[in-house]
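The values are calculated or read from the model by the stated rules, or taken from the named source; none is laboratory data. Remember, it's a predicted structure, so these values are computed and weren't measured experimentally. Heads up, the Cβs are rebuilt from the backbone with ideal geometry, glycines too, and the neighbour counts pull from every protein chain shown.
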Amino acid sequence: MHTNNTIRRKVMAGFTAVLAGATLLGAVPMASATETADVQTLSQHGGAQRIASTPATGKAKNVILFIGDGMGDSEITVARDYLYGPGGTLNGIDKIGQAGATSATETGVGQYTTYATGDGSSRTNQVTAVTDSAASGSGWATGTKTYNNAVSVDNSFTPQMNLLELAKAKGLATGNVTTAEVQDATPAVMESHSTQRSCYGPQGKTDGTSDDSEQRCDAEQLLQNGGIGSISEQLLDTRADVTLGGGNKYFNQTAQAGQWAGKTLKEQATERGYQYFEDSSQLASLTEANQDSPVLGLFSSGNMPTQYNESKALDHDTAEQMALAGQQDGNQSLVSCSTNSEWLGNKGASLADMTSKAIDLLSNNQNGKDNGYFLQVEGASIDKQDHNANACGQIGETDDLDKAIAAALAKVDLSNTLIIVTADHAHTSQIVSWPTYYGLTTPLRAKDGSALYVAYATSSSPMDQGGSMSHTGTQLRIAASGPGASRVNGLTDQTDNFFTIAKTLGLASSTEEIAAQSDGADATVSKAADGSYTANVTGFNGDASLSYSLADKATGKTIASQDGCTVDNGHQGVCGVRVRTTQTTPIAFPADAIVEGGTYELTVTGKQSGKKIVKEFQGVANNASATTDNNGDVAVPTTDGEAIAQAEAQAAKQKEAATLAKTGVAIALIAILAVVCAAAGIKLRSNGIAFRDDDAE
């Protein structure tokens, strides 16, 4: 027997479930990030937006997103004060968002929040005040809050479509430029999906002479285990028109599985049509970059060298002695920053050089001419030098970014191009009035001859024992000039940046709009000379990964499939086949899986959109007279399995209707017969006919 309370609880539980379902389907609006701290809500796609109801304020043909990694307000101010004095102006950073400073008729300046929803993959679904570059970058790349260490996957380890993929789906040209390794977190969020930011290549984070993938990658993600592959492998699949940066040593790694197993990533890149080069002097001579021949320039083995040589932050006593000496000699005793001879800006590959070339290449690309382009540019080592308490290093890298922004301003038309300048997280450096007692200080002699004391004090262990200054959780400056710029005004979240860019470019941005990008999904089948079959899948542009199954129609037996991985440590979201957005995604079947004359059913499903296609085909004989493609592969006739299933279902319905119609006619005849018999005095029985006795009681 149920009590009233029990019934009430069941009713409320049912109501809650219905409400939750309605919320996910969009029937009931989600609470905004300002109304709730529920981490499940915040970690949904778009769940952390602060300005979800604010419409796009303009339409742009092109968007350039500049990221100063670790560039908080302190880092901007340190660079300005050192280079131009406290009353000076940075030539790029300070002009973006400033009304009247450029030709832009629309500008905006605001602040945004950057918190994460987990501190590492083993501690997801908890609001984390201090983000890392991977989580923050994933936020603006996908519109989805996630955990520290995640690269464009959500808290359940499911890939989320990023701006570069969505721009490609819309037909835009795309670029990704950084002074870091191209596998580093910020560039990686636009080119890959990874549960661990350290999963650089199929052999982990090595130069190819060893393998530490077990420590660097979740096993499910590796190709040999049925995963979507490492960051570098996915970079090649994503196929941005222009990719420039460092990290070429990781392309010495060898693929462990898949189409290019046994070949290095460099060999793979070349075979796949990339203009791959490592000599920065070749940058100036580039004239073309497109999907047939994309540019992949990797100019250093690791991160690119910084503009300025290193400066050492000093303990209190040493820094104070230097400061006192500076007071006596007009600050001559203080540190002056000097140019690094290894800096590639000396060889035509500064961040400004790379940005300028990327803009030229994307603007001349046919897609860029017709539809526009999306370009992300990162000044990466502001953060890295802040970690090292290297004041000169961070100043030089901020200057490098500033000059890149100025170069862009000199090239683009702000009536059709939106430029956004922001960062991924704040950092540790502070301008102080005298060397600090706790922490470390660098006494600098600024360009104008004044003293500038830059302090660092956020390391959890001594710097001389391998310590590193940590990020801070403060909100960040975001500034924009061009169509849509005013949407950054006020307080926003880094996930709002995704929606600002997507709406300004007219890209799909809601879950439903993104899923609809896969409505044109299709597949054909071909047979190679060696007898192997390949499904050539296209149109899944709302998905990052696919699952598939191949079944023998005669037996119903599945003979090949890929959905879950061969290992399961709780990260099945990165299992499946990596989608090559706007390209053909091949799915290869074993040569002995398909026999001549057999009938097979192939089902391919988008793991993000849920879109499913079904194709039927027969095994074919090797026939030299059959139609072949440029590779000599035979085109195998296919039929739409879903259409067949629908036709069969319709035929079954028609047959059922006909049966019911016949039954209805029979019943009607029996009814008429019953009336006639009644009139004739005949009684119908289920087991025969009997004459009625009118005298019987």
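What are the residue pairs meeting all of these: first residue in the stretch 229-247, first residue more than 20 Å from Ala169 (Cα to Cα), second residue among the basic types (Lys, Arg), Cβ atoms under 6 Å, and 6 or more apart or on different chains?
Gly229/Arg578
What pairs can you find where one residue is in the stretch 168-190 and surrounded by fewer than 24 Cβ atoms within 10 Å (Cβ to Cβ), the other is assigned to a helix (DSSP H, G or I) and among the hydrophobic types (A, V, I, L, M, F, W, C), and their Cβ atoms are less than 9 Å apart, with a gap of 6+ or different chains?
Close Cβ pairs (under 9 Å, with a partner that is assigned to a helix (DSSP H, G or I) and among the hydrophobic types (A, V, I, L, M, F, W, C)) amount to Ala169/Ile514; Lys170/Leu505.
Would you call Thr581 modelled with pLDDT under 95, touching a Lys or Arg at 6+ places or on another chain (Cβ under 9 Å) and not assigned by TED's automatic domain parsing to the domain that holds Gln224?
Working: modelled with pLDDT under 95: yes; touching a Lys or Arg at 6+ places or on another chain (Cβ under 9 Å): yes; not assigned by TED's automatic domain parsing to the domain that holds Gln224: yes.
So Thr581 passes the test.
Got at least one residue in the stretch 126-143 being surrounded by fewer than 19 Cβ atoms within 10 Å (Cβ to Cβ), within 18 Å of Ile514 (Cβ to Cβ) and assigned by TED's automatic domain parsing to the domain that holds Leu414?
no
Hey, could you check the stretch 506-526 for residues that are in contact with a Ser or Thr (Cβ under 8 Å, 6 or more places away or on another chain) and either charged (D, E, K, R) or in a strand (DSSP E or B) (or both) and say which is surrounded by the fewest Cβ atoms within 10 Å (Cβ to Cβ)?
Looking at the filtered set, the residue picked out is Asp522.
Is it the case that some residue within the stretch 351-366 is small (Gly, Ala, Ser), touching an Asp or Glu at 6+ places or on another chain (Cβ under 6 Å) and buried (at least 18 other Cβ atoms within 10 Å of the Cβ)? Even if it seems obvious, please write down each step before you answer.
First, the residues of the stretch 351-366 that are small (Gly, Ala, Ser): 352, 356, 358, 363.
After this cut, where a residue has to be touching an Asp or Glu at 6+ places or on another chain (Cβ under 6 Å) as well, the list is none.
No: zero hits.
Only residues that are of a type outside the set (S, T, N, Q) and within 22 Å of Gly490 (Cα to Cα): list them for the stretch 101-134, please. Steps first, answer last, please.
Here is the first cut: in the stretch 101-134, the ones of a type outside the set (S, T, N, Q) are 101, 104, 106, 108-110, 112, 115-116, 118-120, 123, 127, 129-130, 132, 134.
Answer for the stretch 101-134, where residues must be of a type outside the set (S, T, N, Q) and within 22 Å of Gly490 (Cα to Cα): Ala101, Ala104, Glu106, Gly108, Val109, Gly110, Tyr112, Tyr115, Ala116, Ala129, Val130.
The rows are residues; the columns are (1) in contact with a strand residue (DSSP E or B) (Cβ under 6 Å, 6 or more places away or on another chain); (2) surrounded by fewer than 24 Cβ atoms within 10 Å (Cβ to Cβ); (3) polar (S, T, N, Q); (4) under 18 Å from Met322 (Cβ atoms).
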position: Leu444; (1), (2), (3), (4): yes, no, no, yes
position: Ser468; (1), (2), (3), (4): no, yes, yes, no
position: Pro483; (1), (2), (3), (4): yes, no, no, no
position: Thr504; (1), (2), (3), (4): yes, no, yes, no
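Taking the stretch 113-125 as the region of interest, how many residues are at pLDDT 95 or above and not aromatic (Phe, Trp, Tyr)?
Residues of the stretch 113-125 at pLDDT 95 or above: 113-118.
Remaining after also requiring not aromatic (Phe, Trp, Tyr): 113-114, 116-118.
Of the residues in the stretch 113-125, 5 are at pLDDT 95 or above and not aromatic (Phe, Trp, Tyr).
Against the definition (under 27 Å from the mean Cα position of the chain (by Cα) and either among the acidic types (Asp, Glu) or not in a loop (DSSP other than H, G, I, E, B) (or both)), how does Val78 come out, yes or no?
Numbers: under 27 Å from the mean Cα position of the chain (by Cα): no; either among the acidic types (Asp, Glu) or not in a loop (DSSP other than H, G, I, E, B) (or both): yes.
The answer is no for Val78.
Only one of these is surrounded by 18 or more Cβ atoms within 10 Å (Cβ to Cβ) and assigned by TED's automatic domain parsing to the domain that holds Val78: Asp383, Asp370. Name it. Please lay out each step first, then the result.
On the way: Asp370 fails: surrounded by 18 or more Cβ atoms within 10 Å (Cβ to Cβ).
Step by step, each of Asp383, Asp370 is checked, and only Asp383 is surrounded by 18 or more Cβ atoms within 10 Å (Cβ to Cβ) and assigned by TED's automatic domain parsing to the domain that holds Val78.
If I ask for residues that are hydroxyl-bearing (Ser, Thr, Tyr), loosely packed, with under 15 Cβ neighbours inside 10 Å and under 27 Å from the mean Cα position of the chain (by Cα), which ones from the stretch 81-125 would you list?
Ser122 - this is the single residue of the stretch 81-125 that is hydroxyl-bearing (Ser, Thr, Tyr), loosely packed, with under 15 Cβ neighbours inside 10 Å and under 27 Å from the mean Cα position of the chain (by Cα).
Considering every residue within the stretch 313-330, establish whether at least one is within 29 Å of the chain's Cα centre (by Cα) and not in a loop (DSSP other than H, G, I, E, B).
First pass over the stretch 313-330, keeping only residues within 29 Å of the chain's Cα centre (by Cα): none.
Within the stretch 313-330, none of the residues are within 29 Å of the chain's Cα centre (by Cα) and not in a loop (DSSP other than H, G, I, E, B).
Is it true that Asp317 is without any contact (Cβ under 8 Å) to a residue 24 or more places away in the chain, closer than 18 Å to Lys447 by Cα and either assigned by TED's automatic domain parsing to the domain that holds Lys266 or not basic (Lys, Arg) (or both)? I'd like the intermediate steps shown before the answer.
Numbers: without any contact (Cβ under 8 Å) to a residue 24 or more places away in the chain: yes; closer than 18 Å to Lys447 by Cα: no; either assigned by TED's automatic domain parsing to the domain that holds Lys266 or not basic (Lys, Arg) (or both): yes.
When the stated conditions are applied, Asp317 does not pass them.
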